[in-house]
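What follows is one structure encoded as structure tokens, with my remarks underneath.
The values are calculated or read from the model by the stated rules, or taken from the named source; none is laboratory data. What you see is a predicted model; the values in this text were computed from it and never measured. So basically every Cβ, Gly included, is an ideal-geometry build from the backbone, and we count neighbours across all protein chains shown.
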Amino acid sequence: MIFRAVEDADLIARTRKGEIEGFNLLVSRWEKRVFNYLLRLTGDPDDSMDLSQDVFLKAYQNIRKLDDTARFGPWLFRIAHNEAYSAFRKKRPETAPEENFFERQTAPGMAIDLSLAVRGALDRLSPEQREAVVLKVYEGFKFEEMADILECPVSTVKSRLYTALDLLKTELAPANARGGR
Amino acid sequence: MSTSDNPACERADLIRDYAFDELTPAERQSMEQHFASCSGCAAELDRLRLTTAALRVLPDVEVPRRIAFVSDKVLEPKQGWWRAFWNSGPRLGFASACVLAGGLIFASAHRQPEVRTIVQTASASQARIDAAVSKAVSEAVEKTHADDARLTQAALDAVDAKYEAKQQELLVNLQQSYEYMQKQTQRIVRSAYVQ
């Protein structure tokens, strides 16, 4: 992880000197994670792809504003978070993002295997709870990094995550039991 | 904060921090010792691990299209004014010219009397130089005229002398011719008398 951070810092330095290839290497290193993060928020591959491109373009244009190159990941995901919510506001100005943007049509009880059960359980979380789960469980960020990305206190991050995990535990218990049989 | 499945234990709230590796090494070691003695917390840890394991059955998907950038001025990273200033030759050159111009204006504004003195001095010196040059030119012209006149006079004198000599020579020739003619005439007259 430390080695990775050093490499990222080197690529950032090259990008700041105007080497586009340095940034392309950074993109190739992070694009899958950013795309999957956005996909888990939006549920739409096309939207996620477009948003990913916007995220990396913004990152490229603002790379000199990044103070701590060791924290490139949280900085990049913060851009992704902002882009996702900004896109939602453009798409559905009459509705609040936390209510509709991330909703998908997976009804309770329709899950036929564990992965469908997981999708359904995630869909029933609030957008904030789901994003906390995605950042922690799927992306492996620390609480402090999540607080940076979401621009909220660590206590809020922990509250959202642990509430979500309690809900998921209840939702997934039968599926886990079936999966374990 | 949400409720734990093991509310009876005072350390139940640390189970999730332990599961997500958010504890210090000392806290982590302490929790591991606690799990060995508290079956409720150990069971809660298992349930939490089962839930996160279930969540991870959803795999990451591949990016449909690779993202790559080409070098383009329009897309280039935004620079602060200070960095942009140092990275731009034309801007730096323009700024240098501005600084130079500013310096000259400042100097002219603060050293005006001295400049006037210098200008006046320069004007006075120029007048003297002009007078000296005029005088020198006049003298040179006069000298040239005098030389020309002297040379012309010498040439005229030479011509006159030559002319005089030529005239003298002609007169001598005429005299000799006259005397010859006179002798011839006398000789003819004398021979006629004889006949």
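Here are some notes:
- When segment A:141-165 is filtered for residues that are under 23 Å from B:Ala43 (Cα atoms) and surrounded by fewer than 18 Cβ atoms within 10 Å (Cβ to Cβ), only A:Ser159 remains.
- Filtering A:Glu31, A:Glu21 for residues that are within 12 Å of chain B (Cβ to nearest Cβ) and either buried (at least 20 other Cβ atoms within 10 Å of the Cβ) or in contact (Cβ under 8 Å) with a residue 40 or more places away in the chain (or both) leaves a single hit, A:Glu31.
- Across segment A:55-65, the number of residues qualifying as surrounded by 17 or more Cβ atoms within 10 Å (Cβ to Cβ) and either without any contact (Cβ under 8 Å) to a residue 24 or more places away in the chain or more than 7 Å from every other protein chain (Cβ to nearest Cβ) (or both) comes to 2.
- Pairs where the first residue, in segment B:140-162, is free of Cβ contacts under 8 Å to residues at least 24 places away in the same chain and the second is of a type in the set (D, E, K, R), C-beta under 7 Å, 6+ apart: none
- Any pair with Cβ under 8 angstrom, 6 or more apart, that starts in segment B:10-32 at a residue that is at negative phi and ends at one that is assigned to a loop (DSSP other than H, G, I, E, B) and small (Gly, Ala, Ser): B:Ala12/B:Ser4; B:Asp13/B:Ser4; B:Ile15/B:Ser4
- Here segment B:49-80 is the region considered, the condition is being modelled with pLDDT of 85 or more, outside any loop (DSSP other than H, G, I, E, B) and within 7 Å of chain A (Cβ to nearest Cβ), and the residue that is surrounded by the most Cβ atoms within 10 Å (Cβ to Cβ) is B:Thr51.
- Failed condition for A:Leu135, given (1) within 14 Å of chain B (Cβ to nearest Cβ); (2) modelled with pLDDT under 95: (2)
- Hits in segment A:66-117 - residues which are among the aliphatic types (A, V, I, L, M) and either at pLDDT 75 or above or surrounded by 13 or more Cβ atoms within 10 Å (Cβ to Cβ) (or both): A:Leu66, A:Ala70, A:Leu76, A:Ile79, A:Ala80, A:Ala84, A:Ala87, A:Ala111, A:Leu114, A:Leu116, A:Ala117
- Hits in segment A:35-54 - residues which are within 9 Å of chain B (Cβ to nearest Cβ), under 20 Å from B:Val70 (Cα atoms) and of a type in the set (A, V, I, L, M): A:Met49
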